[in-house]
Amino acid sequence: MAILDIRLLGDEVLRVPAAPVEAFDEELQGFVEHMFETMYHAEGIGLAAPQVGVSKRITVLDIRASDENGPQPVALINPSVTFPDDETERATEGCLSIPGFDEVVERAWRVRVDAVDPTGTPLQLEAEGLFARALQHEIDHLDGILFIDRISPLKRRMLLKKWRKAQEEG
Ligand code: NI
C-alpha cells in the first residue's frame with residue numbers, strides 16, 4: 001500500500017495545467033494503483049494526479065460509494081470531455097483538496113469522454129448524473145480548475161474566508 005499525500009487548496013500544483021502522459025509503462029501503472037489506494041483511503045469518489053503533486057493528465061474514479069449502481073472503477077489517462085447537449089444539473093459537490101467544504105455546482109448532466117487506459121488503449125465513456133459530474137470535476141483538476149471556480153464570486157469569497165480561518169486554527 002502506498003498512500004500519497006493529498007495537496008490542499010493553496011498548493012500551487014492544483015492550479016497548473018497538467019502535462020499529457022507519453023509513456024504507458026509500469027511506472028504509470030504503479031502510480032495509478034497508488035492513486036486508487038489513496039482515493040479509497042480518503043473515502044473519495046475521484047482523484048486527479050495534481051492532487052497528489054503530480055502534474056500529469058491522470059485521474060481515477062469509483063463512484064460506487066455514492067451510487068451503488070455506479071460503473072466499475074476507471075483510470076483515465078489524457079482524458080478529454082465533450083458535451084452532447086445543453087442539459088445541466090445543480091448538485092452539491094466536494095473535493096479531497098478542500099476537505100470539509102462543499103457547494104452546489106452546476107454541471108452538464110451528460111458527457112462523453114475520450115481517453116486512454118493505463119496501457120495506452122483508447123477508451124470512450126458516456127456518462128450521466130453523478131458519474132458525469134465526477135468526470136467533469138476530475139478533468140477540471142487536470143486543467144488547474146477547482147469546483148470553487150464554478151460557484152458565485154460571493155460564495156467563493158465566503159468559502160475562502162472560512163477555509164483560511166480553518167487553516168490558521170489548524
Ligand atoms: Ni477534487
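Values for this structure:
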| item | result |
| --- | --- |
| Subset of the stretch 79-98 that is under 28 Å from Asp5 (Cβ atoms) and not hydroxyl-bearing (Ser, Thr, Tyr) - its residue that is surrounded by the most Cβ atoms within 10 Å (Cβ to Cβ) | Cys95 |
| First in the stretch 87-100 and within 13 Å of Asp140 (Cβ to Cβ), second anywhere and near the ligand (Cβ under 8 Å from one of its atoms), Cβ under 6 Å, 6 or more apart | Glu93/Phe147; Cys95/Phe147; Ser97/Gln51 |
| Among residues of the stretch 120-162, those that are part of a loop (DSSP other than H, G, I, E, B), in contact (Cβ under 8 Å) with a residue 40 or more places away in the chain and more than 12 Å from Glu93 (Cβ to Cβ), counted | 3 |
| Residue check for Ala115: of a type in the set (A, V, I, L, M), closer than 22 Å to Leu14 by Cα, outside any loop (DSSP other than H, G, I, E, B) and within 14 Å of the ligand (Cβ to nearest atom) | no |
| Total residues in the stretch 58-78, condition within 16 Å of the ligand (Cβ to nearest atom), surrounded by fewer than 23 Cβ atoms within 10 Å (Cβ to Cβ) and of a type outside the set (A, V, I, L, M) | 2 |
| Lone qualifier among Glu93, Glu89 - being in contact with a Phe, Trp or Tyr (Cβ under 8 Å, 6 or more places away or on another chain), charged (D, E, K, R) and within 13 Å of the ligand (Cβ to nearest atom) | Glu93 |
| Verdict on Arg110 being more than 16 Å from the ligand (Cβ to nearest atom), more than 20 Å from Leu9 (Cβ to Cβ), free of Cβ contacts under 8 Å to residues at least 60 places away in the same chain and surrounded by 15 or more Cβ atoms within 10 Å (Cβ to Cβ) | yes |
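Since every read-out is calculated from the coordinates, none of them should be taken as a lab result. Everything numeric in this text was worked out from a predicted model, so none of it was measured. Methodologically, a virtual Cβ is constructed for each residue, glycine included, from the backbone with ideal geometry; neighbour enumeration extends over all protein chains shown.
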